[in-house]
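Inspection log for the structure reproduced underneath, given as structure tokens.
The values are calculated or read from the model by the stated rules, or taken from the named source; none is laboratory data. A quick note: this is a predicted structure, and the numbers were derived from the prediction, not measured. Cβ placement follows ideal geometry from the backbone for every residue including glycine, while neighbour counts extend to all protein chains displayed.
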Amino acid sequence: MGDGNTMRVLVTGGAGYIGSVAATALVERGDEVLVIDSLWRGHRAAAPDGARFERIDIRHRAHVEDAFVRFRPDAVLHFAAATLVPESVREPMLYFETNISGSLNVIQSMLETGTERIVFSSTAAVYGAPERLPIVEADAGRPINPYGESKYAVERMLAATSEAHGLAWAALRYFNVAGATATLGEDHDPETHVIPVALQVARGERRAFGIYGDDFPTPDGTAIRDYVHVVDLVDAHLRALDRLDDALGPINLGTRDGISVRQIVAAVERVTGSPLPVSVESRRSGDPPALVADSSRARDLLDWEPRHSTVDEMVSSAWAWMTRHPRGYDDR
Ligand SMILES: NC(=O)c1ccc[n+]([C@@H]2O[C@H](COP(=O)([O-])OP(=O)(O)OC[C@H]3O[C@@H](n4cnc5c(N)ncnc54)[C@H](O)[C@@H]3O)[C@@H](O)[C@H]2O)c1
């Protein structure tokens with residue numbers, strides 16, 4: 001460990017949407033941070049000024065190991081990944097290489113340098129199409145696409161390495177992440193997440209907001225998902241990092257209160273003050289009507305409670321960021 005209670009934390013993917021908010025929070029609380037990111041889908045400007053930055057592709061073992069040897073981290077927050085389900089179906093090897101080989105390189109480098117703690121970004125995709133709601137951690141293991149397979153494989157790798165070598169790990173399984181801070185927001189290309197897409201329609205950058213199915217067995221007929229504000233999500237990471245004396249294993253991060261697509265449309269209209277053009281399309285194959293998490297483990301193990309994850313706060317913070325950054329990080 002560094003001075004007092006500060007830590008040296010290596011953040012992979014710290015130039016991405018969630019990783020940049022986490023790296024910034026670590027710097028703000030006084031930790032020493034090294035961000036490694038290939039900038040494939042991140043932005044140099046999103047990584048905090050107070051952190052070191054190295055442009056490294058986690059698929060290259062020697063580069064990753066070298067960064068570990070020089071920085072000697074106490075802990076790792078591992079966000080770097082390929083993250084789009086449809087792309088994973090089209091290009092599975094890209095997902096296995098980036099997410100599985102890349103994570104293997106990170107874990108091997110930890111073992112080489114005696115780094116014992118890791119918090120891994122996992123996903124609801126490890127559950128596939130769950131049979132019951134809310135989803136509990138034990139329901140995992142039947143992913144239905146290469147993205148989910150790749151993330152679940154990394155969880156298994158962490159569990160085995162922990163067994164064999166005493167690695168302390170947590171796999172935080174996010175459902176849907178949304179919202180922005182005053183300085184950091186979502187700037188993906190392509191953008192596929194529901195809230196920024198709806199806001200791009202509100203800004204006139206897209207013609208209409210597609211609602212994929214309004215005949216689901218849900219109260220308003222549209223699909224329900226469990227959204228967490230990125231600030232709440234990052235708070236859970238810091239809590240996990242500070243409690244990683246032992247293996248914590250998989251932990252769901254959700255609110256249990258799902259939000260429907262129609263509720264997002266209504267929030268966008270409230271926040272922007274204008275009606276949102278929508279077009280109702282047919283359901284996408286494999287899209288379950290509802291996905292909501294039981295987060296009792298997060299409450300019990302991390303003493304975590306989401307505080308900012310109302311639909312209005314997520315939409316209004318994302319809108320404020322987009323209004324201040326009309327061209328995103330403007331580095332393309
Ligand atoms: N955003 C969500 O709703 C959500 C939900 C569930 C899980 N997750 C997980 O959270 C993590 C972060 O997601 P995000 O939304 O911030 O994604 P993001 O694409 O904004 O960030 C990922 C970052 O990883 C970097 N990266 C990708 N491949 C790399 C490589 N080979 N080497 C080095 N860097 C590489 C990218 O350049 C980018 O900066 C991912 O692991 C994702 O699977 C996200």
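Pairs linking a residue in the stretch 56-74 that is more than 21 Å from Arg44 (Cβ to Cβ) to a residue that is at pLDDT 95 or above and in a loop (DSSP other than H, G, I, E, B), with Cβ atoms under 6 Å and 6 or more positions apart or on different chains, are Asp74/Met7.
If only one of Trp319, Trp304 is over 24 Å from Glu191 (Cα atoms), under 21 Å from the mean Cα position of the chain (by Cα) and among the aromatic types (Phe, Trp, Tyr), which one is it? Spell out how you get there, then give the answer.
Numbers: Trp319 fails: over 24 Å from Glu191 (Cα atoms).
Just one listed residue meets the conditions, Trp304.
Of all residues being part of a loop (DSSP other than H, G, I, E, B) and under 22 Å from the mean Cα position of the chain (by Cα) in the stretch 51-66, which is surrounded by the most Cβ atoms within 10 Å (Cβ to Cβ)? Just the residue, please. Break it down into steps so the answer makes sense when it comes.
Within the stretch 51-66, the subset part of a loop (DSSP other than H, G, I, E, B) is 51, 56-60.
Then drop every residue that is not under 22 Å from the mean Cα position of the chain (by Cα), which leaves 51, 56-59.
Details: Ala51: 20, Ile56: 21, Asp57: 16, Ile58: 26, Arg59: 17.
Looking at the filtered set, the residue picked out is Ile58.
For the stretch 6-48, a residue qualifies if it is more than 13 Å from the ligand (Cβ to nearest atom), in a strand (DSSP E or B) and among the charged types (D, E, K, R), and the qualifying residues are Arg8, Glu32. If I filter the stretch 176-190 down to residues being under 14 Å from the mean Cα position of the chain (by Cα) and closer than 20 Å to Glu87 by Cα, which single residue comes out as surrounded by the fewest Cβ atoms within 10 Å (Cβ to Cβ)? Restricting to residues being under 14 Å from the mean Cα position of the chain (by Cα) and closer than 20 Å to Glu87 by Cα, the top hit is His188.
One residue alone among Ser279, Ser274 is assigned to a strand (DSSP E or B) and among the hydroxyl-bearing types (Ser, Thr, Tyr), and that residue is Ser279.
Is it the case that some residue within the stretch 54-62 is within 11 Å of the ligand (Cβ to nearest atom), touching a Ser or Thr at 6+ places or on another chain (Cβ under 8 Å) and farther than 22 Å from Leu94 by Cβ? Checked against the condition, which is being within 11 Å of the ligand (Cβ to nearest atom), touching a Ser or Thr at 6+ places or on another chain (Cβ under 8 Å) and farther than 22 Å from Leu94 by Cβ, the stretch 54-62 yields no hits at all.
The rows are residues; the columns are (1) on the phi < 0 side of the Ramachandran plot; (2) modelled with pLDDT under 95.
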| residue | (1), (2) |
| --- | --- |
| Asp245 | yes, yes |
| Arg256 | no, yes |
| Val265 | yes, no |
| Val271 | yes, no |
| Arg297 | yes, no |
